[in-house]
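The values are calculated or read from the model by the stated rules, or taken from the named source; none is laboratory data. Small disclaimer: the values here were computed from a predicted structure and weren't measured. All Cβ positions, glycine included, derive from the backbone under ideal geometry; neighbour counts span all protein chains shown. When the accessible area is computed, the model is the full protein with side chains, heavy atoms only, and any ligands, DNA or RNA have been set aside. Shrake-Rupley method; radii C 1.70, N 1.55, O 1.52, S 1.80 Å.
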Amino acid sequence: MPQVRWKTSFCYVVRTLTMTSPYFMQSRPVITRSGDQNAASLRSKLTTRRRNQGPGSSVEVKVEPEEARISEQRPSSAPLSTAEARQPQPHLHTCSHVVCFLYVFLCWVRYSKSSLPCAHSGACHPKTETDALPLSSHSRRRKQLKVEYDEDEGVPPVKTEHWEPPDWKKQLGYIREMRSSRDAPVDNMGAEKCYDSDATAHVRRFQVLVSLMLSSQTKDQVTAAAMKRLRAHGCTAESILNTDDEALGKLIYPVGFWRTKVKYLKLTSAILQKEFGGDIPDSVQGLVRLTGVGPKMAHLAMDIAWDQVSGIGVDTHVHRISNRLGWLKKPSKSPEQTRKALEEWLPRELWSEINWLLVGFGQQVCLPVRPLCSVCLNQHSCPSAHKSSPTKRPKAASPCSPDPTSASTVKTEPGQESDVKHERLKKEPLPTPVSPNAPKRKIKTKVKY
């Protein structure tokens, strides 16, 4: 309704402006006080109309009353000239323009206030969605929405399936019982027994690492003898660097791959002397960075030298027995795969114990070839019990390779040799003689182009 009221007021202002403006007044006839010019023009118009109508016209025009009426309107004051009457009064028109402009301005202000939403009055129009939209194109861009999910309180998290072997606790108990005497080679000649207990702490840690490097692909008896010679010569990083390769090779011989291990010992000693002052790193990442040190050695060094359990040390014995007992979700092909599979389900408090348990068990009972399943307490629960492990096929030139002539060889005394040869000739068919004049058969060979 304010808009209709504003339109009415605006029309009224426009009409007043046209009535008072001198520009609109000039186009209208002005009746002056003298009235001579208007009377003359009116008389001339009536005369012209009478002539056009002719004498027979019944229309009568009364000129005299009109003239009398106009003459009556004359005031008694002095007459004004026509030029003076046509001139508008400047001060009156200026005032009227100002008044009209102010009125229009007030009406516009009133309308603008009535159209704007009021913040205090209760009769304000509700703010619609179209009013809330931004006008600029920049503000109308889509904004990224951040989706947040409410955490469901009281709903337990989804439990993932925890796999573990069915009888592993029972099997581990039997292995502890079989290893209770602690008389395996690893118990007396392992890495824990190869360092000098009277040496300083960093020297002891260095000797533990050296014994682990020498034990790779080597029996514990050979490793212990090599470490004994090294300790007598001086088993420190500085002393190994000062020893030439030939002398160092004689000290560690006959460990497996002794020439390669001489290079590894020299490189590792140089790094330890330069970066750690003859000590060893205190992390698995730092130990693995050394030349000739793998994950198994790193985890065992952390356990023995630093007394920190960082993982399971898996060697060939732990790898073999874990696969035989079915302690892996699927069979593994490398010790590193076995380590990761064991650490997924085996409790952490058993990681340090499991190495020496299975290594000694593998040295005494669960042998690589022909394991002693008949004396093992796990023979009824082990899936690999009483199954001989597949042996490698011997080479043709090796003494273990089967010889077709040796299959019928029998140990005999000297007097019985002729009888054995006679029986062999009876069993073997004689070869058919070939005549020298017989044509030789040509062998056709295909030539590939």
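Put a plus charge on the Cβ of each Lys and Arg, a minus charge on the Cβ of each Asp and Glu, and nothing anywhere else: the dipole of the stretch 194-310 about its Cα centre is then about 400 debye. Pairs with C-alpha atoms separated by more than 26 Å, drawn from the list 228/266; 170/330; 193/266; 169/219, are 169/219.
Computed over protein heavy atoms with a 1.4 Å probe, the accessible surface of the stretch 194-310 works out to 49 Å² per residue. Working from label points 7 Å from Cα in the Cα-to-Cβ sense, the residue 275 to residue 181 distance is 4.5 nm. Each Lys or Arg adds one and each Asp or Glu takes one away; over the other residues whose Cβ falls under 15 Å from the Cβ of residue 344, this sums to +1.
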